[in-house]
Amino acid sequence: MQAPEITPQAPPRRRWALGALAATALGAGMGASWWRNRPAHDAAPAGLWARQWTSPQGQTFAMQSFQGRPLLINFWATWCPPCIEELPLIEAFYQQNKANGWQVLGLAVDKPERVQSFLKASPLSFALGMAGLEGTELSRELGNLTGSLPFTVVFASDGSIAQRKLGRISQQDLDQWRGLR
């Protein structure tokens with residue numbers, strides 16, 4: 001039996017079908033990207049403001065203490081390279097904007113000893129909480145459907161979700177968010 005001859009060009013109907021498939025995949029990818037990074041102004045999940053966290057040093061603090069002013073929450077881990085890369089940007093954002101009412105909370109999806117060791121080499125001045133697996137679940141409630149890190153959520157002063165960002169944030173993101181209230 002002889003193998004069928006392969007032609008360099010697909011028949012027009014097949015090219016049209018492949019083009020339609022490619023356009024559909026592109027549209028789905030763009031839609032998913034927009035959804036993950038869309039402006040939100042959604043209500044915070046039930047019970048968010050009632051949660052409590054423990055700092056890497058062992059002190060407990062309540063989420064309720066962050067209500068009433070703009071808040072950036074960043075989910076991160078010491079084993080996540082993009083998380084570590086963006087922390088200096090977040091620290092600079094906090095230092096530049098805390099006098100204007102901005103708050104920053106880093107929720108570490110990590111082990112306390114790893115975070116403590118990291119902080120000895122790279123101190124951070126914004127609030128940090130040890131979130132562990134509870135942090136992964138909370139990030140999903142806030143719109144991180146894949147549970148990936150880093151993940152950042154920005155809350156307006158009224159407590160609504162103003163922005164979400166899955167992946168490493170940029171200076172451009174922070175500059176855009178700075179104007180949110």
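Considering every residue within the stretch 112-130, establish whether at least one is of a type in the set (Gly, Ala, Ser), within 20 Å of the chain's Cα centre (by Cα) and more than 17 Å from Arg51 (Cβ to Cβ). So that I can check it myself, show each step before the final result.
Narrowing the stretch 112-130 to residues of a type in the set (Gly, Ala, Ser): 117, 121-122, 125, 127, 129.
Among the residues that remain, those that are also within 20 Å of the chain's Cα centre (by Cα) are: 125, 127, 129.
Restricting the remaining residues to those that are more than 17 Å from Arg51 (Cβ to Cβ) gives 125.
Within the stretch 112-130, one or more residues are of a type in the set (Gly, Ala, Ser), within 20 Å of the chain's Cα centre (by Cα) and more than 17 Å from Arg51 (Cβ to Cβ).
Residue under question is Pro150, and the condition is that it be surrounded by 20 or more Cβ atoms within 10 Å (Cβ to Cβ), closer than 25 Å to Thr60 by Cβ and not aromatic (Phe, Trp, Tyr); does it hold? Steps first, please.
On the way: surrounded by 20 or more Cβ atoms within 10 Å (Cβ to Cβ): yes; closer than 25 Å to Thr60 by Cβ: yes; not aromatic (Phe, Trp, Tyr): yes.
It is true that Pro150 is surrounded by 20 or more Cβ atoms within 10 Å (Cβ to Cβ), closer than 25 Å to Thr60 by Cβ and not aromatic (Phe, Trp, Tyr).
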Check your understanding: So which residues in the stretch 153-180 are of a type in the set (Gly, Ala, Ser) and surrounded by fewer than 20 Cβ atoms within 10 Å (Cβ to Cβ), if there are any at all?
Key -> Ala156, Ser157, Gly159, Ser160, Gly167, Ser170, Gly179
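Is it true that Ser117 is loosely packed, with under 14 Cβ neighbours inside 10 Å and part of a helix (DSSP H, G or I)? It would help to see each step written out before you state the result.
Numbers: loosely packed, with under 14 Cβ neighbours inside 10 Å: yes; part of a helix (DSSP H, G or I): yes.
Criteria met by Ser117.
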Review point. Between a first residue in the stretch 120-133 that is not assigned by TED's automatic domain parsing to the domain that holds Ala108 and a second residue that is of a type in the set (D, E, K, R) and in a strand (DSSP E or B), which pairs have beta carbons less than 6 Å apart while being 6 or more apart in sequence or on different chains?
Key: none
Exercise for review: Identify all residues within the stretch 143-170 that are of a type in the set (D, E, K, R) and not in a loop (DSSP other than H, G, I, E, B); write none if there are none.
Suggested key: Arg164, Lys165
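The values are calculated or read from the model by the stated rules, or taken from the named source; none is laboratory data. Nothing here was measured: the structure is a model prediction, and the numbers come from that model. Please note: Cβ atoms are built from the backbone with ideal geometry, for glycine as well, and neighbour counts cover all protein chains shown.
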